[in-house]
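The values are calculated or read from the model by the stated rules, or taken from the named source; none is laboratory data. Owing to the predicted nature of the structure, the values given are computational and were not obtained by experimental measurement. All Cβ positions, even for glycine, are placed from backbone atoms using ideal geometry, and neighbour counts span all protein chains on display. Accessible surface is based on the protein model in full, side chains and every heavy atom, while ligands, DNA and RNA are left aside. Shrake-Rupley method; radii C 1.70, N 1.55, O 1.52, S 1.80 Å.
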Amino acid sequence: MIRAFCRLGLAALTLSALTVPGLAHATLEVQEARIGSGFKAVLRVPHGCGTEATNVVRIQIPEGFFAVKPMPKAGWDLETVTGSYENTYLNHGTEVTEGVVEIVWSGGNLPNEWYDEFVFRGTFADSLEPGVFYFPAIQECANGEEAWIDTSGEPGAAYPAPKVTLIEGPAGH
Amino acid sequence: MTRPLQAPMRALAMLLLTLILGAPQALAHAVLLSSTPMENAMVEAAPEAVTLGFNEPVSLLTATLITPDGESLPIVAEGLGGSTLAIPLPADLGEGTHVLSWRVVSADGHPVGGANVFSIGIVTGAASGAVVVDPAIGALLWGAKALLYGVLLFGLGSAVYAVVFAQGEAGPRRLVFAMMVGGLVLAPLSLGLQGVDALGGRMPDLISPASWATGMATSYGWTALILMAAFALGIIGFGRGAGRGASILAGSALLLAGLALARSGHASAADPQGLTRPAVFFHILGIVLWAGALLPLRGALAEGRSEGGALLSRFSRFIPYPVGAILISGVVLGVVQLGQDVSSWVSGYGFILLAKLVLLAIVFGLALYNRLVLTGRALEGDRRARRAMGKSILAEIALMALVLLLVAGWRFTPPPRALAEAAALPIAMHIHTEALMADLEITPARPGPNAIAVYLMDGDFAAVSPQSVEILVSAPERGIEPTRVPTSLGEDGYWRAEGVTLPLAGAWQIDLEIRLSRFQMVRLGDSFTLP
């Protein structure tokens, strides 16, 4: 009984310790993905630039995440920037050589006091290596920006890029 | 039985890991919007508090005030919280530049730090938290150098004078030998002490090879080695008594001594070296010859020997040349070292020079009295005049010894000329990574407001044009949190930030956040020491 409580308490503490960083930074809701699988990314934007409201959210799609489709958002204009990939990927037997490299939600108004999420999906190429995969993101406000583009992985980084940890896995989608 | 425990243990390990990895993050979303006094503000009177305004409620974790003299005062202000923090300051703050380093936590548990700089009355560069030099080393180095100069003048000097000008008659022969052997020991000893001093070490470090290697690497290294050679030649020459061979040996020893001291020291380091080095050389030659003549002369006079008269007569004809060399080279060196700024003459260096000049004036007075009054009478055989002259020479030796003690103290007081140069010397740094290189220059590189200029190149030395460059300065060892400074691009390709206040001497960390493109940021960093 005591053990069960211990376990519960520790689990709760662990959970809180794990989830806390998500509140402050722009992060992805799901932090783990399988190589060679589809992935729905939810970018969480917890605050504006200082006190200013966020008007534009940009996210960069790095090489290796293909067949990208952003989710439209009421009150925001959606556009994508496409470009050619360095490598060729297979999407259900079809060769893919180009696609979305940047998603831009613009013309919105997300006050500093409010919270919102921005969604897109795509597929992690099976040629990727296990490890951390970054999606650099930028919030633009009227007079400034919050650039979540630090991919150094340093624990003290002020503006780390949103990231997901890739693990080996059965290509099951 | 152990199985049920494994899950909690794993959870505990995970929790610890999470806390260790996650806790120290400086998550930058609580943003400082305002501060009173403003950043880098100059206020007339000490403020009672520093008020920080944030974009959201925060609680104060720690705050430390670093005073102009480098002292860190922890500020106890428990329970301070809100969007505006008024961090109370200690009463009776003195004039000068203060830093308030603070760390706050915002509502969701993320610490954010920063440092605010303000000055009361005047902007100061605070005294350093510089290396504490072992006073024993300083005293020993000073003593060793004074003694070394002493045995150089009165040991080697007497030997040279005796061999070259007095047929080997040196007065206290054993003493002269002992002094030269002492020189053979003192020269390397002072080299080791110089190394310990240069490393900021302590007494026991004298036996470490690093100290000696460092001493050898300073400009004093060759000085010590050449001095040893000079003493060795002096001992051999003096041992041979008189004659041509002995004279050549002694003469070479004298030239080596001059060369040795012209190789190091403040004066030889001054520009123009084409002027200062020969000046030091002739200054040393003159002093060694003059001081070296005193012991043999006194010996000859005291013993009342017949050749005393001949020696005295030769000395009085010869002495104007070394004294002239000393005076001319001394004036040249004094002018170069003091520099043109008269106000800077009031310094440790200036006081030592003044004291030296006063003592020398007395020595010259005695010498003139000997020359003009006593020499004539002594040559006529007046015994009282001879005795008086012996005493007067003894006084000259004592005064010269005092001068040597003073001159050895110059080691610890840089001349105004050097201070002015040091003040104007910027810190130049090169940060090198495979993708990007940065040349940094921090001017004037002393505590207070500094300008920082950054030039960026890629791995192939080609210029890069990033979107923006931000500089972060911090002093992690002293608990000063990073201050973020924007830069602007000049026409010459340098990214510049003006008025970056580095309030204390000592170790600083500088980081560059270089925004290469919209989504790409590179961070370069290095540490430097502010003198």
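General observations
- Separation of alpha-carbon centers, the range B:365-408 and the range B:445-522, rounded to whole Å: 64
- Taking amide H positions as modeled 1.01 Å from N, with prolines and chain starts lacking one, the residues under 5 Å from A:Gly48 and 5 or more places away or on another chain are A:Asn112.
- Looking at the range A:23-167, the accessible area is 45 square angstrom per residue; that uses a 1.4 Å probe and ignores ligands, DNA and RNA.
- Peptide-level mean, for A:48-58, of C-beta atoms on other protein chains within 10 Å: 2
- Between the amide H of B:Leu61 and those of B:Arg103, B:Val104, B:Val105, distances stay under 5 Å, these residues lying 5 or more places away or on another chain, with hydrogens modeled in the peptide plane.
- For the peptides B:288-298, A:63-73, the ranking by mean Cβ contacts within 10 Å, running from highest to lowest, is B:288-298, A:63-73.
- Put simply, the amide H of B:Leu502, placed in the peptide plane, has neighbours under 5 Å in B:Gly448, B:Asn450, leaving out anything fewer than 5 places away on its chain.
- Phi to ³J(HN,Hα) by Karplus 6.51 cos²θ - 1.76 cosθ + 1.60 over the range B:470-487, Hz, x for Gly, Pro: 10, 10, 10, 10, 8, 10, x, 5, 9, x, 9, 6, x, 10, 9, 10, x, 10
- Relative contact order [Cα under 8 Å, 6+ residues apart], the range A:23-167, whole percent: 36
- Under a model in which nothing but the beta-carbon of Lys, Arg (+1) and Asp, Glu (-1) is charged, the range A:23-167 shows a dipole of about 400 debye around its Cα centre.
- Table column - 3J(HN,Hα) (Hz), the range B:514-524, Karplus curve with 6.51, -1.76, 1.60, x for Gly and Pro: 9, 8, 6, 8, 3, 9, 10, 10, 10, 10, 10
- Among B:150-156, B:35-41, the peptide with the highest mean count of other Cβ atoms within 10 Å heads the list, and the full ranking is B:150-156, B:35-41.
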